[in-house]
Structure formats: structure tokens, C-alpha cells
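Colleague: Okay, here's the structure, questions in a sec.
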Amino acid sequence: KAGVTQTPRYLIKTRGQQVTLSCSPISGHRSVSWYQQTPGQGLQFLFEYFSETQRNKGNFPGRFSGRQFSNSRSEMNVSTLELGDSALYLCASSLAGGGATDTQYFGPGTRLTVL
Amino acid sequence: QQQVKQSPQSLIVQKGGIPIINCAYENTAFDYFPWYQQFPGKGPALLIAIRPDVSEKKEGRFTISFNKSAKQFSLHIMDSQPGDSATYFCAASGNTGTASKLTFGTGTRLQVTL
């Protein structure tokens with residue numbers, strides 16, 4: 001079974017621009033979560049989508065948004081990019097949304113650099 | 001607010017040694033505690049996970065010890081190998097409503113030398 005795929009793998013943008021990242025979950029997985037990984041803040045939860053609905057949200061500004069499609073694929077959008085948004089953005093999928101019996105599988109991430 | 005504290009930040013052990021990584025949590029609603037391993041350029045991969053109704057879980061060379069009263073848990077890697085050199089993250093998540101939201105520790109960079 002193919003793993004979680006994320007595109008693109010690398011992105012370079014300038015301040016003020018917006019960016020869209022894509023995540024394809026493992027076949028059959030309905031939950032997709034997004035995390036931001038930086039050297040200073042570590043891994044931080046952005047949001048989770050399940051059946052096309054945002055089910056959980058972390059403490060990030062409204063510039064960070066996402067959506068999920070009927071095939072469970074998910075996109076994450078960051079508007080008005082800031083230098084501090086430079087990070088590795090990780091997507092994780094699971095069957096139904098985590099917890100003791102529901103492993104989250106991570107993709108390789110998209111490395112975003114904001115200049 | 002950091003809800004999962006992880007230590008040490010880095011660790012160097014010789015091949016065959018037993019590195020131990022410790023984590024402490026604050027939120028008593030957490031009921032699922034996974035450990036992830038991350039190699040450079042890769043996403044985190046689940047190693048082993050535990051629920052608070054057991055005090056220890058072993059999978060291969062990896063063991064989690066869990067102390068519910070102290071709100072602490074640790075990862076032991078038996079007979080460590082150079083291939084175990086990676087960054088290890090502990091994590092925690094809550095009940096069904098927030099089960100998908102993993103709160104991660106800050107990570108431990110492990111180096112296993114020959």
C-alpha cells in the first residue's frame with residue numbers, strides 16, 4: 001500500500017505570497033492532520049480534517065487554512081507568508097483520527113522556505 | 001504552553017548501549033502515548049505506543065515504561081545500533097474528541113557510535 005504523499009517536496013516563496021501544499025493520504029484513510037516542524041518550536045499541530053470537515057484546530061493564525069476533498073486528499077494554504085513560516089510541513093493520515101488504536105502515518109513533508 | 005517535556009535534548013551512546021529518553025506530561029486527559037523516530041529528510045515514523053493502563057510495553061528492542069502517578073514515560077532502546085541514530089519524539093493525545101491532535105515533545109537527537 002502506498003504511503004502518505006506530499007507535493008511539492010520543496011518550495012521557495014517570498015514574503016507576502018501565498019502557498020498551497022497538497023497531501024494524499026494512505027488509501028482508505030479518512031483523517032488527515034497537518035503539522036508544522038521548526039527547529040525552534042518543534043512539531044506543532046495545525047489542524048485535522050475528517051470526512052471533509054475540520055475536526056480539530058491548533059493555535060495558529062487564520063492565515064493557515066485547509067480543506068479536504070471527497071477522496072480524502074487534503075490541501076493546506078498559507079496566505080501572506082512571513083519569514084517565520086519557513087518550516088517543514090508534515091501531513092499525517094489515519095483511518096479515523098488517531099488515538100490508541102489508530103496510528104498516524106506521516107508523509108515526508110514539504111520544506112517551505114520564505115525569503 | 002509545552003504540555004510534553006522531553007529530555008535529554010541529545011544523547012551519544014556506544015553500540016550495544018541502552019539509551020533512555022524521558023518524557024513528562026501535564027494534561028491528565030492524555031491517554032495515548034506514542035514514540036516516533038525521524039531520520040533526516042523523512043517524516044516521523046511510529047515506533048511504539050502505550051496506553052496508561054499498562055506500565056510497560058516491549059516491541060523488539062524498544063521498550064516503553066509508563067508511570068501514571070508521576071505522569072512520566074520513557075523509551076529504552078536495547079542493544080542500540082548505529083542505524084538507530086535518529087531523532088526521537090515522544091507524543092501524547094487525549095480522548096476521542098481530540099485523539100488526532102498529537103502533542104509532541106521537543107525531540108532527542110540520538111547518535112550511536114561504533
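Colleague: Consider residue A:33 carefully, then state whether it is buried (at least 22 other Cβ atoms within 10 Å of the Cβ) and either β-branched (Val, Ile, Thr) or within 18 Å of residue B:38 (Cβ to Cβ) (or both).
Modeller: For residue A:33, the condition - buried (at least 22 other Cβ atoms within 10 Å of the Cβ) and either β-branched (Val, Ile, Thr) or within 18 Å of residue B:38 (Cβ to Cβ) (or both) - is met.
Colleague: Is at least one residue of the range A:77-100 touching a His at 6+ places or on another chain (Cβ under 8 Å), modelled with pLDDT under 95 and open to solvent by less than 70 Å² (accessible area, probe 1.4 Å)?
Modeller: yes
Colleague: Also, quick follow-up: Among the residues in the range A:62-76, are any more than 10 Å from chain B (Cβ to nearest Cβ), at positive phi and open to solvent by 30 Å² or more (accessible area, probe 1.4 Å)?
Modeller: Among the residues of the range A:62-76, not one is more than 10 Å from chain B (Cβ to nearest Cβ), at positive phi and open to solvent by 30 Å² or more (accessible area, probe 1.4 Å), which makes the answer no.
Colleague: Considering only the range B:73-84, I want to know if a residue exists there that is in contact with a strand residue (DSSP E or B) (Cβ under 9 Å, 6 or more places away or on another chain) and within 7 Å of chain A (Cβ to nearest Cβ).
Modeller: The answer is no; no qualifying residue exists.
Colleague: When residue A:20 is evaluated against the numbered criteria (1) more than 21 Å from residue A:2 (Cβ to Cβ); (2) within 11 Å of chain B (Cβ to nearest Cβ); (3) open to solvent by 20 Å² or more (accessible area, probe 1.4 Å), which criterion, by number, is the only one it fails?
Modeller: Only one criterion in (1) more than 21 Å from residue A:2 (Cβ to Cβ); (2) within 11 Å of chain B (Cβ to nearest Cβ); (3) open to solvent by 20 Å² or more (accessible area, probe 1.4 Å) is unmet by residue A:20, namely (2).
Colleague: Checking residue B:29 against (1) at pLDDT below 90; (2) within 16 Å of residue B:108 (Cβ to Cβ); (3) not hydroxyl-bearing (Ser, Thr, Tyr), which single condition isn't satisfied?
Modeller: Of everything listed in (1) at pLDDT below 90; (2) within 16 Å of residue B:108 (Cβ to Cβ); (3) not hydroxyl-bearing (Ser, Thr, Tyr), residue B:29 misses just condition (2).
Colleague: Can you tell which of A:55, A:67 is basic (Lys, Arg) and at pLDDT 95 or above?
Modeller: A:67 is the lone residue from the list that is basic (Lys, Arg) and at pLDDT 95 or above.
Colleague: Another one. Just to confirm my filter: which strands (runs of 3 or more DSSP E) fall fully inside chain B and include at least 1 residues that are touching a Phe, Trp or Tyr at 6+ places or on another chain (Cβ under 6 Å) and in contact (Cβ under 8 Å) with a residue 40 or more places away in the chain?
Modeller: Correct list: B:4-7, B:20-25, B:33-38, B:45-50, B:72-77, B:86-92, B:108-113.
The values are calculated or read from the model by the stated rules, or taken from the named source; none is laboratory data. Note that this is a predicted model, so its numbers are computed, not measured. We place every Cβ from the backbone using ideal geometry, glycine too, and count neighbours over all the protein chains shown. All accessible areas refer to the heavy atoms of the entire protein, side chains included, with ligands and DNA or RNA removed. Shrake-Rupley method; radii C 1.70, N 1.55, O 1.52, S 1.80 Å.
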